[in-house]
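Undergrad: Take this structure first; my questions come after.
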Amino acid sequence: MAKISTSDFRNGLNILVDGEIYTIVEFQHVKPGKGGAFVRTKLKGLENDKNIDKTFRSGENVEAIRVERHPYQFLYAEGDMYFFMHQETYEQIPLEKSRVENPTFVTDGQICTLVVDVENDKVLYAEPPDQIEAEVVDTDPGVKGDTAQGGSKPATITGGAVVQVPLFINRGEMIRVDTRTGDYLERAKSK
């Protein structure tokens, strides 16, 4: 593990704080009129999913953690375990459901990103792609006269997520969804 100074902080950097791995979401160098300079940060926990605010003295050294992101195919879920497979080595990795971000957006055969702590060779979490195409499996039927500007209704998509969609979307249609926010983006283009 490499030691870095607070002057090397940047958004997205992974550091070790109190034995836990955190990602720097936001930071600000502060030089008050009196006293020493300091760095105010907002951190997001990779393992514990906590968001914390922490202040470091200017020039303080912290441990930088190297993480890598690898594409893995989601195979299936069994109980509280999700199973992923590496695309080239066919190695299978089980992961607890609690370590899968937005599990309702993960569907069979989907390519997800596994974030790995390189030093300890430990999978921290899995995340679905930023945008997915999914079929609407349940929603109220559209009514003649519904328009794109006319409001929204809940729709259940493959995987079990509930998304607010325009009134003209019907059961069986393919839609594009942003998995980070859970927002409907558009109808999926026919192939």
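Undergrad: Give me the dipole magnitude in Debye, nearest 20, for the range 2-64 about the Cα centre, with unit charges on the beta carbon: positive for Lys and Arg, negative for Asp and Glu.
TA: 380 debye
Undergrad: Between Tyr90, Tyr125, Tyr72, find the one with the highest GNM mean-square fluctuation for the chain; connect C-alpha pairs within less than 10 Å.
TA: Its mean-square fluctuation being the largest, the pick is Tyr90.
Undergrad: Hey, another quick one. Looking at the range 23-62, which trypsin sites (Lys or Arg not before Pro) are DSSP coil and have at most 12 other C-beta atoms within 10 Å of their C-beta?
TA: Within the range 23-62, the qualifying trypsin sites (Lys or Arg not before Pro) (loop, at most 12 other Cβ atoms within 10 Å) are Lys34, Lys50.
Undergrad: Let me spell out the model: positive unit charges on the Cβ of Lys and Arg, negative unit charges on the Cβ of Asp and Glu, origin at the Cα centre of the chain. What dipole size does that give, in debye rounded to 20?
TA: 920 debye
Undergrad: Pick the calculated semi-axes √(5λ) of the Cα gyration tensor in Å for this structure from [x] 40, 23, 12; [y] 48, 24, 11; [z] 40, 20, 13?
TA: Recomputing semi-axes √(5λ) of the Cα gyration tensor in Å here gives the entry labelled [x].
Undergrad: While we're on this one: Quick one: if you take sqrt(5λ) for each eigenvalue of the C-alpha gyration tensor of the range 2-64, what semi-axes come out, biggest first, whole angstrom?
TA: 20, 12, 9
Bear in mind these aren't lab numbers, they're just calculated from the coordinates by the rules spelled out. Fair warning: this is a prediction, and the values are worked out from it, not measured in the lab. For neighbour counting, all protein chains shown are included, and Cβ atoms are generated from backbone atoms with ideal geometry for every residue, glycine included.
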